[in-house]
Every structure is written in C-alpha cells, then in structure tokens.
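**Student:** I have a structure here, written as structure tokens, and I will follow up with some questions on it.
Read the figures in this text as sums done on the coordinates, not as results from a lab. Keep in mind that what you see is a predicted model, and the values were worked out from it rather than measured. Glycine gets a Cβ as well: all are built from the backbone with ideal geometry, and neighbour counts include every protein chain shown.
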C-alpha cells in the first residue's frame, strides 16, 4: 500500500479538540486522514453517505481533548460508548495488527477500554490501569521530553534506545498508575513501555520534567503485540519547527520538529501492515 492510499480515522465526539492539528500533520506526511464522529461508525443519526465503517481504515487515532467534558473520569464516557457500540469491530481491528493510537485524551480512552496495557488477543477487558490527577493538582501545559525505551513498539525497531523527543504536554489527569506489582513487572519485562519522561539533559525526570508523577516516569505504553499505543504528550504539537518553543532563539521557523519523526515512523509501519 502507498502512503497516498493510507486511510486513517481520527475518532471524535463532543469535546475532542486536537483532531485538526493531527489531521494536518498526517496529511502533510501524505496519508488520507479523516475526522470521523463516533456516530458515523455507529450508523446512528447520520445520512447514509456519512456512514463509515472501521474496516474502511488502515489506522485509527484517538486524539486529545476533553471528550464528553471528561465527566466521570477523563476518557471514560467515550470509552463506554465505544465499548457498547463498536467494541466488536474494534477488537477485530486490533487483532488484524493495524495501528490503534491514543494521544493524551486518547491514551486515557484506550486505558479505560482495557486495551492498554492490554492482554494478548486485543480484547476489551476491565481496565487494569488508570490515568489519575497530576501530583501537582492542576493542569500542566509545558514543553516536555520523552525518551524511547527500546521496547517492542514495531515502528521504532532500529531506533537507538534513549533517543529523545520534544513533545509538549497539556493535561490534568496524566499520572499513570498500574493496578498491581505483577502488572508493573510484566509491562517492563514485555517491553511495553513506549516512552519515559526525561529531563532536558536526558537524565531521570522529576517535576516538572515528569509533569504528572506517573509511576516509573512512564509517558507511553503499548499493548503486548505493539500495534496499540498511547502517550500523554502531543507529537502533533511539535510537528512543525514553528511549533517549537525555541524557534525564535534559533532564528528559523522552517522545517519540522520531533513530532514528524515519530508520526512518520508510525505511518510507515501502517503502510507495510495495512
């Protein structure tokens, strides 16, 4: 499959607000991203020509924002609606090996669905982890750094362990808490840690470089097969060089930022496994 024919669904409901930035980034990389409301996948209250099926797409992204106002818990309502309406289709999508990605609020949604850290087989299970209120007690919006952990994530095989990325953070409920010591061990041993928060010099992060207090400085996870992933910071907000916090000091707004490297690797993998 070529990049130009790679159809990517960006799932939205009321409160999703990072879908436009993500669509622009993926389109710049040559894919065919489409913002798809959950009702279009449900076939509910939409015209026939607006109906969509998850199987029409080669990758699914759940973008950031505040889906359903983050009432109850961040991501919980969207996850419940997905589970009730297209849960079976989503499980089939995951088992097919296609990419399912969650960014910020999307990470929260995939965790609430039980897809992260997940169990083998791609089933929607009872959540075994949570993204809780930041230790600071307030919304954190700042440039942050993450380091590639060298795990099982297929798009990054061959990328040197420890490679750092500048991805901005913007969340109030990003503290990852895994439900048991056994789960914590298995996530580490299976290579399911995607990124860890690090300081600007690459050393181990403390606040504010870890903006939420997540266990083990974990900033992103994959499922056991590696095709489902979530991360709290926003690669789409560091896609263009002009989005970087230091571009005025370096004197150039031309080119791209770290988000491009990450999203391009994800799409390259999706092309090969569509």
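**Student:** What 222 nm value per residue comes from the helices of the chain, counting each DSSP H run with n ≥ 4 as -39,500 (n - 2.57) and dividing by all residues, nearest 500 deg cm²/dmol?
**Tutor:** -7500 deg cm²/dmol
**Student:** Given the options 123, 171, 138, which has the most mean-square fluctuation in a GNM of the chain, springs set between C-alpha atoms less than 10 angstrom apart?
**Tutor:** Residue with maximal mean-square fluctuation among 123, 171, 138: 138.
**Student:** Something else about it: Please compute the contact order of the stretch 36-91 in relative form: average sequence separation of alpha-carbon pairs under 8 Å and at least six residues apart, divided by the residue count, as a percent.
**Tutor:** Values: 34 pairs, mean separation 15.6, N = 56.
The value is 28 percent.
**Student:** Can you tell me which of 103-112, 144-153, 84-93 comes out highest on packing, and rank the rest after it, using the mean Cβ neighbours within 10 Å?
**Tutor:** Values: 103-112: 28.7, 144-153: 21.9, 84-93: 16.2.
Highest mean packing first, the order is 103-112, 144-153, 84-93.
**Student:** If R₀ is 30 angstrom, what is the calculated FRET efficiency for the pair residue 24 and residue 272, using the beta carbon separation as r and rounding to 0.05? Don't skip to the answer; put the middle values down first.
**Tutor:** Values: r = 24 Å, r/R0 = 0.79.
It comes to 0.80.
**Student:** Can I ask one more? Looking at the square roots a ≥ b ≥ c of the eigenvalues of the Cα gyration tensor of the stretch 117-224, which shape do they give, rounded for a/c under 1.5, prolate if a/b is larger than b/c, or oblate?
**Tutor:** Values: a/c = 1.98, a/b = 1.17, b/c = 1.69.
Note, shape of the stretch 117-224 comes out oblate.
**Student:** Sticking with this one: At 7 Å along the Cα-to-beta-carbon direction for both residue 44 and residue 119, put a label point, then send me their distance in nm to one decimal.
**Tutor:** 2.6
**Student:** How much of the DSSP beta bridge set in the chain is antiparallel, as a percent to the nearest 5? It would help to have the intermediate numbers written out before the result.
**Tutor:** Details: 25 of 42 bridges.
Of the beta bridges lying entirely in the chain, close to 60 percent run antiparallel.
**Student:** Please give the contour-minus-distance gain from residue 139 to residue 13: 0.36 nm per residue of separation, less the Cα-Cα distance, rounded to one decimal in nm.
**Tutor:** Numbers: separation 126, 0.36 × 126 = 45.36 nm, distance 2.17 nm.
Working it through step by step, the gained length comes to 43.2 nm.
**Student:** Also: Enter the Cα centre distance for the pair the stretch 1-52 and the stretch 158-178, rounded to the nearest angstrom.
**Tutor:** One Cα centre to the other: 24 Å.
**Student:** How high is the relative contact order of the chain, in percent, counting Cα pairs under 8 Å that sit 6 or more residues apart?
**Tutor:** Normalised by residue count, the contact order of the chain is 18 percent.
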